[in-house]
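**Student:** Pasting in a structure now, in structure tokens, and then I'll have a few things to ask.
The values are calculated or read from the model by the stated rules, or taken from the named source; none is laboratory data. Predicted model, so just to flag it, every value in this text is computed and none were measured. As a convention, Cβ positions derive from the backbone with ideal geometry for all residues, glycine included, and neighbour counts pool all protein chains shown.
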């Protein structure tokens, strides 16, 4: 009986720990809606920890992240750097959040105030 209680406690703690993370997923497009494969997606939290992913051949990325605020930077050849600050990741139902991004053609950085 005691073994069963300990097992239930451990499973509860594992569930709680996993509930504090979410998967951020999305697709990177160009301004015309075409997918962009091999784009680099970077997220940085307030502790300066960086999480990275590359988009697949379908332009899709996925990154597992703990709860918190992040700056997001997306880069790809021949496109402007995309940056956004203070994007909040929260534990969500089924553990997945979505963020699709459209990049503009080459030129200047779209937001020069990011903390990257």
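**Student:** What are the residue pairs meeting all of these: first residue in the stretch 51-63, first residue in contact (Cβ under 8 Å) with a residue 24 or more places away in the chain and at negative phi, second residue crowded, with 19+ Cβ neighbours inside 10 Å and not in a strand (DSSP E or B), Cβ atoms under 6 Å, and 6 or more apart or on different chains?
**Tutor:** 55/39; 61/55
**Student:** Another question about this same structure. Which of the residues spanning the stretch 54-65 are more than 12 Å from residue 23 (Cα to Cα) and in a strand (DSSP E or B)?
**Tutor:** Of everything in the stretch 54-65, those that are more than 12 Å from residue 23 (Cα to Cα) and in a strand (DSSP E or B) turn out to be 54, 60.
**Student:** Which pairs turn up if I take residues in the stretch 80-93 that are in contact (Cβ under 8 Å) with a residue 12 or more places away in the chain and on the phi > 0 side of the Ramachandran plot and look for partners that are outside any loop (DSSP other than H, G, I, E, B) and buried (at least 18 other Cβ atoms within 10 Å of the Cβ) with beta carbon separation below 9 Å, at least 6 apart in sequence or on another chain?
**Tutor:** Final answer for the pair search is 86/70; 86/71.
**Student:** Tell me which residues, restricted to the stretch 66-77, are assigned to a loop (DSSP other than H, G, I, E, B) and either in contact with a strand residue (DSSP E or B) (Cβ under 7 Å, 6 or more places away or on another chain) or surrounded by 15 or more Cβ atoms within 10 Å (Cβ to Cβ) (or both).
**Tutor:** Within the stretch 66-77, 67, 76 qualify.
**Student:** Failed condition for residue 80, given (1) buried (at least 19 other Cβ atoms within 10 Å of the Cβ); (2) modelled with pLDDT under 95, with all others met?
**Tutor:** (1)
Here's the yes/no breakdown for (1) more than 17 Å from the chain's Cα centre (by Cα); (2) modelled with pLDDT of 65 or more; (3) surrounded by fewer than 16 Cβ atoms within 10 Å (Cβ to Cβ):
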| position | (1), (2), (3) |
| --- | --- |
| 12 | yes, no, yes |
| 30 | yes, yes, no |
| 33 | yes, yes, yes |
| 44 | no, yes, no |
| 49 | no, yes, yes |
| 53 | no, yes, no |
| 56 | no, yes, yes |
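**Student:** Follow-up question, since we're still on this one. With exposed (fewer than 14 other Cβ atoms within 10 Å of the Cβ), modelled with pLDDT of 90 or more and out of contact with any helix residue (DSSP H, G or I) (no Cβ under 8 Å at 6 or more places or on another chain) as the only criterion, which of 93, 88 stands out?
**Tutor:** 88
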